[in-house]
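Engineer: One structure, as structure tokens, below. Some questions next.
The values are calculated or read from the model by the stated rules, or taken from the named source; none is laboratory data. These numbers were taken from a predicted model, which means no experiment stands behind them. So basically every Cβ, Gly included, is an ideal-geometry build from the backbone, and we count neighbours across all protein chains shown. Remember, those area values only see protein heavy atoms, side chains included, never the ligands or the DNA or RNA. Shrake-Rupley method; radii C 1.70, N 1.55, O 1.52, S 1.80 Å.
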Amino acid sequence: MGPVSLLPKYQQLNPWKGDLAKMTHLQAGLSPETIEKARLELNENPDILHQDIQQVRDMIITRPDIGFLRTDDAFILRFLRARKFHQADAFRLLAQYFQYRQLNLDMFKNFKADDPGIKRALIDGFPGVLENRDHYGRKILLLFAANWDQSRNSFTDILRAILLSLEVLIEDPELQINGFLLIIDWSNFSFKQASKLTPSILRLAIEGLQDSFPARFGGVHFVNQPWYIHALYTLIKPFLKDKTRKRIFLHGNNLNSLHQLIHPEFLPSEFGGTLPPYDMGTWARTLLGPDYSDENDYTHTSYNAMHVKHTSSNLERECSPKMMKRSQSVVEAGTLKHEEKGENENTQPLLALD
């Protein structure tokens, strides 16, 4: 059996017919709808795509202090898309991407799925990744905060697993254009656990995700957050860009406000959605797949795992709800409340999208 593509079937077909034949090879695989979205929302013009990329590449000589380890067209293009083809901003993000890796060498040493720390985080569901995308074509990532066993996973390893997962996902050009959503469920996340979220490690996460990665985040959604998460958010707000702050939503236990932004048909039952409860082993099996052995020996050597096979090995059993702590949210489906608008102002989103 050959490798299984993670791309939707419509992306595996060649859509170039008629007027679309002139599209650059860098847009090959994109649906016509996504190409039009890139034109309207990101200012992507196939006629000058190569010139845009070359102008960003030409700026590299201005930063001899940074080792630009990858500068091919497809790689630079994802930075242009992340910054709506503003070339200076795209180059700044490209430079920050590599500078962040230079300043945090230990984080990116053995930056592969077979790294023991990354492996443990993935198996424990950090992050979860839903198979289907939302109505805007965005990929949805999940974090069930209370599942963080601090004796087993360091925050840094969880961050590494998230960044590695994003590296895999961002290889898909559709996601470069459509972007991502992140939902964090804080149910039963204890004050003791929260006390480990120091300003230094939170800033490390912000720098890695907000300032140094070429992804479009359409929203970060907090659900069931306790008062001390509100307090933490207040502390980190100064480190957030205004654009980022406007994309953070604090829903409390209000399902209505969440469903206004992410339709229930795209959500698992933990969030009042119509999908089955999320199996926390899904994404771990995707990344670690065929290279997992009975001896727990991970030999995967590249983070470009877009073509991998699912496995029925011990990893699947290890990731099953019977073999690990609850893979779903620590609250039962339906615990979140449906409330009428204005019934409880504290549960409404504190921020709104642009």
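Engineer: Can you give me the distance in nm between label points at GLU265 and ASP114, each placed 7 Å from the Cα along the Cα-to-Cβ direction?
Structural biologist: Label at GLU265, label at ASP114, 4.2 nm between them.
Engineer: Continuing with the same structure: Going by the alpha-carbon gyration tensor, a ≥ b ≥ c the square roots of its eigenvalues, is segment 106-193 rounded (a/c under 1.5) or, if a/c is not under 1.5, prolate (a/b greater than b/c) versus oblate? Don't jump to the answer; show the numbers that get you there.
Structural biologist: Details: a/c = 2.67, a/b = 1.29, b/c = 2.06.
It comes out oblate by the Cα gyration axes.
Engineer: Ok, one more. DSSP loop (so not H, G, I, E, B), at most 12 other Cβ within 10 Å: list which GluC sites (Glu not before Pro) in segment 207-279 pass both filters.
Structural biologist: Working: sites: GLU207, GLU265, GLU270; in loops: none.
Of the GluC sites (Glu not before Pro), not one in the loops of segment 207-279 has a Cβ with at most 12 other Cβ atoms within 10 Å.
Engineer: Further question: Classify segment 49-173 as rounded, prolate or oblate from the Cα gyration tensor: take a ≥ b ≥ c as the square roots of its eigenvalues, call it rounded if a/c is under 1.5, otherwise prolate when a/b beats b/c and oblate if not. Write out the running numbers ahead of the final one.
Structural biologist: Numbers: a/c = 2.87, a/b = 1.55, b/c = 1.86.
Oblate, because a/c is 1.5 or more while a/b does not exceed b/c.
Engineer: Quote the accessible area belonging to ASP72 in square angstrom, nearest 10, computed with a 1.4 Å probe and with ligands, DNA and RNA left uncounted.
Structural biologist: Answer for ASP72: close to 60 Å² accessible.
Engineer: Using a 1.4 Å probe on the protein chains only, how many percent of the accessible area of segment 130-171 belongs to carbon and sulfur?
Structural biologist: Numbers: 560 of 1270 Å².
Carbon with sulfur: 44 percent of the solvent-accessible area.
Engineer: Ordering ASP73, ASP172 by accessible area with a probe of 1.4 Å, largest first, what comes out? Kindly include the intermediate steps, with their values, before the conclusion.
Structural biologist: Details: ASP73 45, ASP172 5 Å².
Ranked list, largest accessible area first: ASP73, ASP172.
Engineer: Please work out the FRET efficiency for the pair ASN43 and TRP227, using the Cβ-Cβ distance as r and a Förster radius of 35 Å; give the result to the nearest 0.05. Intermediate results must be reported in sequence, preceding the final value.
Structural biologist: On the way: r = 42 Å, r/R0 = 1.20.
Plugging the Cβ-Cβ distance into 1/(1 + (r/R0)^6) gives 0.25.
Engineer: Within segment 226-286, report the trypsin sites (Lys or Arg not before Pro) that DSSP leaves as loop and that have at most 14 other Cβ atoms within 10 Å.
Structural biologist: Details: sites: LYS241, LYS243, ARG245, LYS246, ARG247, ARG285; in loops: LYS241, LYS246, ARG247.
When the trypsin sites (Lys or Arg not before Pro) of segment 226-286 are filtered for loop state and at most 14 Cβ neighbours within 10 Å, LYS241, LYS246 remain.
Engineer: Could you pull out the pairs from LYS139/LYS243; LYS112/LYS243; LYS37/LYS246; LYS112/LYS241 whose alpha carbons sit more than 26 Å apart here? Don't skip to the answer; put the middle values down first.
Structural biologist: Values: LYS139/LYS243 20 Å; LYS112/LYS243 31 Å; LYS37/LYS246 22 Å; LYS112/LYS241 30 Å.
From the list (LYS139/LYS243; LYS112/LYS243; LYS37/LYS246; LYS112/LYS241), the Cα-Cα distance tops 26 Å for LYS112/LYS243; LYS112/LYS241.
Engineer: Sticking with this structure for a sec: At 4 °C and a viscosity of 1.567 mPa s, what translational diffusion coefficient does Stokes-Einstein give for segment 156-302, taking Rh as the Kirkwood radius over Cα pairs? Give it in µm²/s as a whole number.
Structural biologist: Using the Kirkwood radius from Cα pairs, D works out to 75 µm²/s.
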